[in-house]
Amino acid sequence: MRLPIEWLDDFVDPGLTPRELASRLAMTGTEVDRVHHHGVDALEHFVVGRVLRAEQHPNADRLRVCDVAVGEGDVAHIVCGAPNVAAGQTVAVARPGAIMPDGTRLKKAKLRGEPSEGMILAEDELAIGTSHEGIIVLDEEADLLPGTPLAEVLPIATDVLELEITPNRPDCLGVYGVAREVHAATGAPLAPPPWDGADLGEPTGIEGVTIEVHDSDLCPRFTAVAYENVTIAESPAWLKARLTASGMRPINNVVDITNYVMLLTGQPVHAFDLDRIAGGRLDVRRARPGEEITTLDDQVRRLPADAMVIEDADGPTSIAGIMGGARSEVGETTTRVLMEMATWDGPNIHATSNALALRTEASGRFEKGLSPEATVEAQLVALGLMQALAGATRLPGWIDVGGAGPEPAVIRLRDARVRSLLGLDVPRERQAEVLEALGFGVEEAADGLDVTVPHWRRFDVTREADVIEEVARLAALDDLPATLPRNRPGARLTWPQRVRRRAEDVLVGRGLQEIAGWSFAAPSLLDRLRLPDDAPMRSVVVLENPMSEEDSVMRPTLLGSLLDAARHNVAHGVSRVGLFDSGTVYLADPGSADGLPHEHHGLGVVLAGPLQPPTWRSPKPPVADFFAAKALVGAVLDTLRVPWEVRPSGRWSFLHPGRAAEVLSGDTRLGFVGELHPLVAREWDLDGAAAFALDLGKVAALAPEAPEYRDVTTFPPVRQDLSLVVGDRSAAEVVAAVRGGGGALLRDVEVFDRFERDGEVSLAVHLEFAAADRTLTDDEVARVRERIVAALGEIGVTQRG
């Protein structure tokens, strides 16, 4: 909201500079975005002038040469292009040195050979209007003397506050509402409200006008006052200046009055041409399916369901609370006006405005919730302006459908509760002073104050804590004690959080880059990963109101965003890509007791890069294969002290069928590791890629929080090697058989060599035997070794001779 200081001063003058005032408002809860200057500068160079002579320019058809009296005995020679300039006029003059609204400093000049010592000004050259068709001719009856400072005659300059009004304070969307805040924040005297002392009388109706509200839940109050003998004309300069400084364009006196009243009171106003209301009847109702209306901006708009419309006998004439219709707007021929001011349901106006992509000054106010009483206050202000500026005569009576709002709430403000919430005592007298300055009613009570909430704060102040907030921001903010937060013993990372951090640190330490993948995914991801119809990952969580089709499901895997990022990097020339993502994945779980989806925190990695043969430029090309991914799995799980192994598996269709495995810890499946299926890699324009994913929730459950140490020196181990002919058995199967046969005395087993000749595969296995309470004898080790050989024999593995 743009607030001209010149306008604010009509009601309250705190004696502060604009920046001091902005700081004070900000410290009491009314945010000021910025302060800027509107209009001209160097005001001493703007004066009243009188045209003594105006003759045709000798060298230009559209210019006139004028002699203008600009002070006692001082005459300026000015070239003017306005068609309406004439001798005898009292005009606005800018002398050399004046600074125009666009920042230009005026200088002496020659125009077509004639010297010019200033400008005779039009409205737009003073930023008090938009007209440039002719110069401003000042009121002859005012008997203005040449040389009089122009700032004493016209509002040609003002500082403007740009306010950021919070949604709970629609009362501050009016000049008088902000004046009330300034009064409370600074103690400066507040003038009575502009509607004070006026009265509309009893709402006896208006002859020839019928108004019916069919949906009172969305229109709590609808008021109307009618005028005749209306003269449509330009608004006076002071009114245009205030509208322009507030960011609005002057149009004509009646339309300008509606905008002026809205800016002053915060209550939007709409003027109907009474003679263009078909049948003299207005019905206020919900829109019908498919209904359309042509609005004031000449756009045909299809109305959404539940939009409120105002219609006459010929159909909809306005979108209620947002914009009027073209059919009944006020024009040059208007002589009778129906001034409508209503209260609309805020959420309904907000929904309609969003559906139509149509935001207006009116919708921005109504959606925040205005009180029904504000309609009558605005009608009273409009009444005086219509009579003074449009020569209007009010028709007898007025219409009021719905009436005032509920009785004001009375809230007990207890001294003890104020002390409890603020941590200090605020004298009861000071509390009352602040609240009364804000317009609250205050009466003494045994343990505090009984506070009556004014209608303009009805929706904002509903409980004792809200009243205490008003006291705090205006009477206690500067005195609130500074305290440090207490050291809470439990304010540490949980164990699962620490596991995630440690796993992420391991990957960063190995040169991988972290990405923050989007939690939403496209349904097409499931097909791009070649998931079969019965794959668990197809049980996705579908969003009811997605931002787009591409973000309409919750991600069932981290792979999608990782592969997107890998493709982007490879396409931009990155030769080696190592990315990881740590975040939540989601799967629908229809069988859950609470109906909520299954969620777990996953850790995903993608390694990618071209697999071209070595060249002199790249002797060691990056390799994104199964073993690179498996090494990273081991780095993470070994760091977390989680025992693990991999077992070949083809359950993941997006992995290469011969280069994929599941990651296990005992009987618990932690995730997968493998190379990407070539068809899936092609979907992301990759030559090849490897990936793995782990369920960090399961990992955290298996990771020991306190490491256990074992004695490694008192009873040294016995180390031996076995050379085995394994046939078609995998190394994992061989290691499992060895562990099964070795029992408790086999501390460790490791495959350290593989040899193949003539189709025969051999593995060399290192064995380590140890006991916690003694040094093993050769006989004990020999018996364990025999059991190992026997276990290997059961799966067809023999010792190499």
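Figures for the structure shown
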read-out: Region 1-155 - percent of accessible surface contributed by carbon and sulfur, probe 1.4 Å; value: 47 percent
read-out: Built amide H within the under 5 Å cut-off of Arg281, gap 5+; value: Thr210, Ala313
read-out: Between region 619-697 and region 768-801, the alpha-carbon center distance in angstrom; value: 32 Å
read-out: For region 123-171, accessible area per residue (1.4 Å probe, heavy atoms of protein chains only), Å²; value: 48 Å²
read-out: Separation of the Arg538 and Arg719 label points, Cα + 7 Å toward Cβ, nm; value: 5.2 nm
read-out: Projected label distance in nm at Ala744 and Arg419, using a 7 Å step from Cα toward the beta-carbon; value: 6.9 nm
read-out: The chain: angle of helix 626-639 to the longest principal axis, Cα-based, in degrees nearest 10; value: 80 degrees
read-out: Extension gain (nm, one decimal) between Val574 and Asp551, 0.36 nm per residue minus Cα-Cα; value: 5.5 nm
read-out: Relative contact order [Cα under 8 Å, 6+ residues apart], the chain, whole percent; value: 8 percent
read-out: Reachable aspartates and glutamates, given that their alpha-carbon falls under 12 Å from the alpha-carbon of Lys368 and they are not under 8 places away in the same chain; value: Asp171, Asp345, Asp460
read-out: Contour excess over end-to-end distance, with Cα ends at Arg105 and Asp9 and 0.36 nm allotted per residue; value: 31.7 nm
read-out: FRET E, pair Asp217, Val410, Förster distance 25 Å, beta-carbon r, rounded to 0.05; value: 0.45
read-out: Region 285-373: GluC sites (Glu not before Pro) in DSSP coil with no more than 11 other Cβ atoms inside 10 Å; value: Glu332
read-out: Inter-part distance where region 451-465 and region 525-556 are each reduced to a Cα centre, Å; value: 47 Å
read-out: Calculated FRET efficiency for the pair Thr166/Thr333, C-beta based, R₀ 60 Å, to 0.05; value: 0.90
read-out: Shape category assigned to region 645-770 from the gyration tensor of Cα positions, a/c cut at 1.5; value: oblate
read-out: Full-extension gain in nm, Glu705 to Arg647, via 0.36 nm per residue minus C-alpha separation; value: 18.2 nm
read-out: Largest to smallest accessible area among Glu31, Glu549, Glu470 [probe 1.4 Å]; value: Glu549, Glu31, Glu470
read-out: For Ala122, residues with placed amide H under 5 Å, excluding near neighbours; value: Ile136
read-out: Net dipole in debye of the chain [+1 Lys, Arg Cβ; -1 Asp, Glu Cβ; about Cα centre; nearest 20]; value: 3680 debye
read-out: Förster radius 22 Å - calculated FRET efficiency between Leu480 and Ser23, Cβ distance, rounded to 0.05; value: 0.75
read-out: Spin-label zone in region 680-720 - amide nitrogen under 15 Å from a point set 7 Å from the Cα of Arg530 along the C-beta vector; value: 680-691
read-out: Cα pair distances of region 702-765 binned at 5 Å [whole percent]; value: 3, 13, 21, 18, 16, 12, 9, 5, 2, 1
read-out: Which labelled figure in (i) 12, 26, 25, 20, 12, 4, 0; (ii) 9, 28, 30, 19, 11, 3, 0; (iii) 13, 35, 26, 15, 7, 3, 1, 0, 0 is P(r) over Cα pairs in 20 Å bins from 0, in percent, once derived from the coordinates; value: (i)
read-out: ³J(HN,Hα) computed for each position of region 346-355 - Karplus, 6.51 cos²θ - 1.76 cosθ + 1.60, integer Hz, glycine/proline x; value: x, x, 5, 5, 4, 5, 5, 4, 5, 5
read-out: Accessible area (Å², 1.4 Å probe, nearest 10) - Leu218; value: 20 Å²
read-out: Label-point gap, in nm, between Ala593 and Thr210 - each point 7 angstrom along Cα→Cβ; value: 6.3 nm
read-out: Exposure ranking of Leu395, Leu655 by accessible area [1.4 Å probe, largest first]; value: Leu395, Leu655
read-out: Accessible-area value, Ile211, 1.4 Å probe, nucleic acids and ligands omitted, Å²; value: 20 Å²
read-out: Helix 778-793 axis, angle to the chain major axis (alpha carbon atoms, nearest 10°); value: 70 degrees
read-out: Aspartates and glutamates with Cα under 12 Å of Lys107, excluding same-chain neighbours fewer than 8 positions away; value: Glu117
read-out: Acute angle (nearest 10 degrees) that the helix 18-27 long axis makes with the longest principal axis of the chain, alpha-carbon atoms; value: 50 degrees
read-out: Cβ-placed point charges (K, R +1; D, E -1), dipole of region 342-466 about Cα centre in debye, nearest 20; value: 400 debye
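The values are calculated or read from the model by the stated rules, or taken from the named source; none is laboratory data. Predicted model, so just to flag it, every value in this text is computed and none were measured. Positions of Cβ are backbone-derived with ideal geometry, glycine not excepted, and every protein chain shown enters the neighbour counts. Keep in mind that these areas ignore ligands, DNA and RNA; they rest on the heavy atoms of the full protein, side chains included. Shrake-Rupley method; radii C 1.70, N 1.55, O 1.52, S 1.80 Å.
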